[in-house]
1. Going by the alpha-carbon gyration tensor, a ≥ b ≥ c the square roots of its eigenvalues, is region 336-404 rounded (a/c under 1.5) or, if a/c is not under 1.5, prolate (a/b greater than b/c) versus oblate?
2. Which entries in Lys223/Lys499; Lys223/Lys244; Lys294/Lys321 show an alpha-carbon gap greater than 21 Å?
3. Which of the lysines could a cross-linker bridge to Lys70, judged by Cα under 19 Å and excluding same-chain residues fewer than eight apart?
4. Ranked from highest to lowest mean number of other Cβ atoms within 10 Å per residue, what is the order of the peptides 206-215, 175-184?
5. Rounded to the nearest 0.05, what FRET efficiency do Arg405 and Gln472 give with R0 = 22 Å and r taken as the Cβ-Cβ distance? Could you check?
6. Stretched out fully, how many nm does the piece from Arg199 to Leu121 gain, at 0.36 nm a residue minus the Cα gap?
7. Compare the peptides 244-252, 62-70 by average per-residue count of other Cβ atoms within 10 angstrom and give them in order, highest first.
8. Carbon and sulfur atoms: what percent of the 1.4 Å accessible area of region 194-314 do they account for?
Amino acid sequence: MTTDWRRTRLPELIAALAGRPGHEAVRTALAEILGQAFGATPGQITHELRMPVISGRADALFGATVFEFKSDLERERPEVLRRLPDYLGEQERQHRRPFVGIATDGLLYEAYELRGREMVLLGRAKADPERPEALLAWLEPVLSERDDLPADAATIARELGRESLAFRRAEGRLLDLWRRLCGHPEVRLKRELWDGLLREAYGAPVGEDSLFLQHSYLVIVAKTIAARALDLPAEDAAAILSGKALAEEQIFGAVEADFFDWPLALPEGHALVGQIARQVARFRLHAVEQDVLKALYESLMDPEQRHDLGEYYTPDWLAAKVVRHAIRRPLEQVVLDQACGSGTFLFHAIRHLRAAAARAGLPPAEAVARAARQVRGMDVHPVAVIFARVTWLLACGEDLAARPRPLHVPVFLGDALQWNISAVGAEAEVRVAVPGEPPLRLPAGLAEEQERLDAGLTALAEGLSRDAPPGQVGEMLRRQQGVSEADAAVVEETLARLKALYRAQRNGIWPYVMRNLVRCDAQPGAAAVAVPPGQPRRCADRQPGLGGLSPPLARTAGAAARRLHPDAALGRRASRHPAGHRRPVRGARGGTLPEAGGRGGAGAALCGAEPPGLRRAAPRRLRQRGAALAARLEPG
């Protein structure tokens, strides 16, 4: 499509179409739009497509889209709803893939798909001479074969977000799958665990089925983005959602089997993942300049729901400025974001580190290796963590091609205000609650190092898939450096429990849960981005049971945060938040961090200034919970 055509001819076509010019004029105008805007050749558009089996004739076919042209769509809609299901059904029978039907009179456009024997409206659009590009944007997800879309926030939100045809199609298929699978024991368990994490994140029950389906869509998109960013094939849906595709490339901790792979229990779920992957494959993902998944999340959330939850998203420009101010020695400092949301600060911290590595003449492999050691995150929100892991990978950009192997992505699902290590006699262990069952156990000796933990959980998963005797897995672990006899014995017991859960169809999620209960470590000299000065030390020293970090690490993080600006007073404490912004909690004192643009203290400045009206937007129950927590952490 030439720039001149878009600037001069497209407005003329849209203005003509808006006048409902009649059947043949609409056909001619849309044929020109398909050719110029979507690259269709005359041979790729079939006009007057005859279908003898159903004694019908569709007006036009392009790719997987059937067109019906009308003179007045409002008046002729009953005819569309009578004939279009036959056309779509016949094409899907012949080609064994989903088709979309678009009915239009030039002014109005309606997109439909066939679900079972029912026609479902996906969306409507209108030709607007004042906004000629809007119609192309609406048609793009269905018609475009382009594979060079820019991976910026606006384009991803437009192509995959709430108003896109891509989302509308996926939403309907997810709903159908959920109706068929919601009674399955393992699917139900994943739904319950997801709901429990949201209660922890928000302090209140918010986990409706519609939100679970929305989160499932978001996670499928994020995981396919991770695969496509590495140029991995997207045909195997299970490999994409389980992380197997990345594990074969020696990338661990970025994608794993979790709450949101439930659609794969049916063949239609595999087809849905493939459909989403084809949409994602159209973006250029090697040179992402911002946290694009945050924009997708924001575009899908209902504005009223966001208001009720008090959600606010840190702009990328602000996150980049804060990172430049806070991290003065990016090649040396460790960045720990204990409430990382979708990973906005992690993204810019890695970009900052890569730029410093390039200036220092370090090879790309060393830059990625340092990012894996030095840029770490954690969040209690299950979707935010998956986004943050993929954002972490996207931040590495083209350097991923030269990555060290194996590469472990250091972003964890967990509550920074909880510590899951329990003392048992002279030993310590991680305990994982199982609804209606005794907890699963994982020895702390295995959990304290990320590579050792990944090896242990891989052994558990493989032992389960092979139905291996627990003793065999224990012997394999005993050969791992740093694994004690007592550690191996606990793992043997855990594998036996997992096998029992498997027989009860309640197994699939537990290796994922166990991996995410560990905590990321830090080193002296860390820059604790988005962690208010003093708070980690108070949590660990006054009430060790609240500390997400061990007391020595908490003291290191608190001291490092205070070193960012010696004159800063105690910053606002930050409540946990799902998408890139920590909501300031009432009842804390504040200072000012120069140049960061915040009026709420060093901690608030590291997260972005509190926007007007934000505190009013937070539900009362969340404000009360935050105030109670702040009082609990206050000295004396």
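1. Numbers: a/c = 2.56, a/b = 2.02, b/c = 1.26.
In terms of gyration-tensor shape, prolate.
2. Exceeds cut-off: Lys223/Lys499.
3. Lys126
4. 206-215, 175-184
5. Details: r = 27 Å, r/R0 = 1.23.
With a Förster radius of 22 Å, E is 0.20.
6. This chain segment gains 24.7 nm when fully extended.
7. Listed from highest to lowest mean packing, they are 62-70, 244-252.
8. Here it works out to 50 percent.
The values are calculated or read from the model by the stated rules, or taken from the named source; none is laboratory data. Quick caveat: nothing in here was measured; it's all calculated off a predicted structure. Positions of Cβ are backbone-derived with ideal geometry, glycine not excepted, and every protein chain shown enters the neighbour counts. Remember, those area values only see protein heavy atoms, side chains included, never the ligands or the DNA or RNA. Shrake-Rupley method; radii C 1.70, N 1.55, O 1.52, S 1.80 Å.
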